[in-house]
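Quick notes on the structure that follows.
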Amino acid sequence: MTTNPLADALAIRATASAFDAQRGKLPVPGDPHRLPGSVAVAQQISELGKLITELGDEVLLRTVNREHSSRTSLALSSFSAAVRPAGEAATALGEVAQQLAFLERTEHLHDRPDTRDAREAAGRVIDEALGTADTALREAADSLHAASTAVSPPSSRLRAALGRTTTPMYEAAPAAPAAPPSATVAPRTIRAR
């Protein structure tokens, strides 16, 4: 299978949108009375796993493809680079799931002082991990959006305009005649009213 700049740009843009969608599903950190649901976090980890697999498939497709144009290389690089932040987001959500499991396991001990401190610490870890996941997903999406623009072929209007141009876009303006050395201008005096 061969790729072309338009197909590359569309694939990159679709993947960037998938990362944006995952970021939109993240629970909002900071609300101590509203923890994310364990099932929702597990589903999001699963969806991120699928996204990482899709990134791997895109990298494999372009690596096997022997047409290494600069645009294909940029697409390959872009998909490869998105794997790291996607993994960071999945790792952070794994930490959230682990802390939620701890909170569920210790629910009946919430009145004990030592358990109360550990449960509060778990809430802080959850907030930090959600922030890490948000940052990583934004990084992946932003880099892919930028790459889709760079990989996109020029529009047909731009190609037509470039094809019609027969003169340089910027011609040098004619030089102004030099003033004779004796014709100096006296400084102007400005008076206040």
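The values are calculated or read from the model by the stated rules, or taken from the named source; none is laboratory data. Computed from a predicted structure; not experimentally measured. Heads up, the Cβs are rebuilt from the backbone with ideal geometry, glycines too, and the neighbour counts pull from every protein chain shown. With ligands, DNA and RNA removed, areas are computed over all heavy atoms of the protein, side chains included. Shrake-Rupley method; radii C 1.70, N 1.55, O 1.52, S 1.80 Å.
Which residue is modelled with the lowest pLDDT, if the candidates are limited to the range 110-141 and must be over 22 Å from Ala42 (Cα atoms) and open to solvent by 50 Å² or more (accessible area, probe 1.4 Å)? Out of the qualifying residues, it is His110. Remark: pairs (first residue in the range 81-106, free of Cβ contacts under 8 Å to residues at least 60 places away in the same chain; second residue open to solvent by 30 Å² or more (accessible area, probe 1.4 Å) and of a type in the set (D, E, K, R); Cβ separation under 7 Å; 6+ apart in sequence or on different chains) = Pro85/Glu139; Thr106/Arg119. Can you name the residue in the range 144-156 that is open to solvent by less than 50 Å² (accessible area, probe 1.4 Å) and in a helix (DSSP H, G or I) and, of all such residues, is modelled with the highest pLDDT? This residue is Leu144. If you go through the range 24-52 and pick out every residue that is open to solvent by 80 Å² or more (accessible area, probe 1.4 Å) and part of a helix (DSSP H, G or I), you end up with 4. If you check Ala9, Ala89 for being on the phi < 0 side of the Ramachandran plot, part of a helix (DSSP H, G or I) and modelled with pLDDT of 95 or more, only one passes: Ala89.
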